[in-house]
1. Tell me, which residue of the stretch 145-171 that is more than 15 Å from the chain's Cα centre (by Cα) and hydrophobic (A, V, I, L, M, F, W, C) is most open to solvent (accessible area, probe 1.4 Å)?
2. Considering each residue of the stretch 130-140, count those that are closer than 23 Å to GLY84 by Cα, open to solvent by 10 Å² or more (accessible area, probe 1.4 Å) and either of a type in the set (A, V, I, L, M, F, W, C) or out of contact with any Ser or Thr (no Cβ under 8 Å at 6 or more places or on another chain) (or both), and give that number.
3. Pairs please, first residue from the stretch 217-228 and closer than 18 Å to ARG180 by Cβ and assigned to a strand (DSSP E or B), second anywhere and of a type in the set (D, E, K, R) and open to solvent by less than 10 Å² (accessible area, probe 1.4 Å), Cβ atoms under 9 Å, 6+ apart in sequence or on different chains.
4. Of the numbered conditions (1) in a strand (DSSP E or B); (2) farther than 20 Å from GLU364 by Cα; (3) not aromatic (Phe, Trp, Tyr), SER250 satisfies every one except a single condition; which is it?
5. ASP264: touching a helix residue (DSSP H, G or I) at 6+ places or on another chain (Cβ under 7 Å) and of a type outside the set (Ser, Thr, Tyr), yes or no?
6. Looking for something among the small types (Gly, Ala, Ser) and farther than 24 Å from VAL371 by Cα - is there at least one such residue anywhere in the stretch 143-158?
7. Condition test on GLY258, is it without any contact (Cβ under 8 Å) to a residue 60 or more places away in the chain, touching a Leu at 6+ places or on another chain (Cβ under 8 Å), surrounded by fewer than 24 Cβ atoms within 10 Å (Cβ to Cβ) and part of a loop (DSSP other than H, G, I, E, B)?
8. Among residues belonging to the stretch 195-213 that are closer than 23 Å to LEU362 by Cα and buried (at least 24 other Cβ atoms within 10 Å of the Cβ), point out the one that is farthest from the chain's Cα centre (by Cα).
Amino acid sequence: MSTATETLASNILTHDAPVVPIQTRSERPTSFEPTDFPNPTGQEVNYKHSPVNRLQPLLNVDAVASDSVDYTITPETYIVPSVGLDAPVRGEFFRPEDRMAALAWQKSQDALHIRIPANEEVAEPITIAINGQSAEGTAFAHIVIEAMPNAHATVILDHKGAATYAQNVEIIARDGSDLRVITVQRWEEETVHAAAHQARVDKDAKLTHIVASLSGGVVRVNPSVELDGTGSEGKLLGISFADPGEHLESQVYMFHKGAHTTGDVLYKSALQGATARTVWIGDVLIGPDAVGTDSYEANRNLVLTTGARADSIPNLEIKTGDIQGAGHASATGRFDDEQLFYLQSRGISEDEARRLVVVGFLGEIVQKIGVPTLEEELFDVIQVELTDGLSA
């Protein structure tokens, strides 16, 4: 830990220096020490759209780690020991960018480490079932997912139950590997969950990262992907469906560091209920050495009822002119009455027409998950959400 800490010393926050707001995603400071990050006020760029008051249990440096979250890994074949903060691989890439991630680092003395051996193609998904027993205590975790060279695998993080939970997920896709990581949040309404996913994708490797947040009081899953190696590819997909009182958030960062890298980001959200809230912030950085880059990010939001709010902020920073292409887009709109009228004019009831439109809207992402049983489960959850909303 000492070497990593010394390396970070130059960009750790200090409390006695004047505070200058950091707007550029790539300049955000990092530290393994929670107290290096002041308790947020809601004015900071990375908390401006977050319910800081509801996140307070995950910001408390005096919190005692509870065992209120259980883990079941299927199959267990790919678990490797990870004991202590200086365990091999842990921290090879991950650097906490906020107080919650630093707390999760410090209070998770042992990590859950999944390693897919080199040249192995795993046919069935590796599933980590994460079940919260209670939101009373505060649980912390650091999870490492490592695909060795030329390995192929899908790893699912499936969250259910009730919890107050700060989680780090460190993902490393080594040369030539093809890794798919899917994180599903189907929490109960009292849950507060903040997750920092950080991934490095090496030479000619591919990472598909999918976030599906379908329920929970506050769910903040922030994926950060560095396309480090030449020819590396990253695909970041996400869906969320917010009901009244739910805050579902993702702050996405794609860093094109290596040459001839390809990035694709698409997130979609649906919202119903006067207090439903989603937040999407998408940052793409094309570095000075990322020649030949092809990158695009988009966010689409469908507001189903009056009073629901979707915040959508795309950002693009380019430091080289030698690229294939780069762009971003964002759109938020209400339910399309013309689509509804068209379907009703063909004998489809209003409720069924609404279901068809919303399922079709979110289904574009669900169908890209690549795990048929999980796709079916998520479609069922969306149907239930819609039915509950229509009957409310």
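1. So, considering only residues that are more than 15 Å from the chain's Cα centre (by Cα) and hydrophobic (A, V, I, L, M, F, W, C), the one most open to solvent (accessible area, probe 1.4 Å) is MET148.
2. Counting residues in the stretch 130-140 that are closer than 23 Å to GLY84 by Cα, open to solvent by 10 Å² or more (accessible area, probe 1.4 Å) and either of a type in the set (A, V, I, L, M, F, W, C) or out of contact with any Ser or Thr (no Cβ under 8 Å at 6 or more places or on another chain) (or both) gives 1.
3. Here the result reads VAL221/GLU249, each pair linking the stretch 217-228 to a residue that is of a type in the set (D, E, K, R) and open to solvent by less than 10 Å² (accessible area, probe 1.4 Å).
4. (2)
5. For ASP264, the condition - touching a helix residue (DSSP H, G or I) at 6+ places or on another chain (Cβ under 7 Å) and of a type outside the set (Ser, Thr, Tyr) - is not met.
6. no
7. Yes; evaluated as a whole, the condition is true for this residue.
8. The residue in question is LEU207.
The values are calculated or read from the model by the stated rules, or taken from the named source; none is laboratory data. The model shown is predicted, which means the values in this text are computed figures rather than measured ones. Every residue, glycine among them, receives a Cβ derived from its backbone with ideal geometry; neighbour counts consider all protein chains shown. Note: accessible area is taken over every heavy atom of the protein model, side chains too, but ligands, DNA and RNA are not part of it. Shrake-Rupley method; radii C 1.70, N 1.55, O 1.52, S 1.80 Å.
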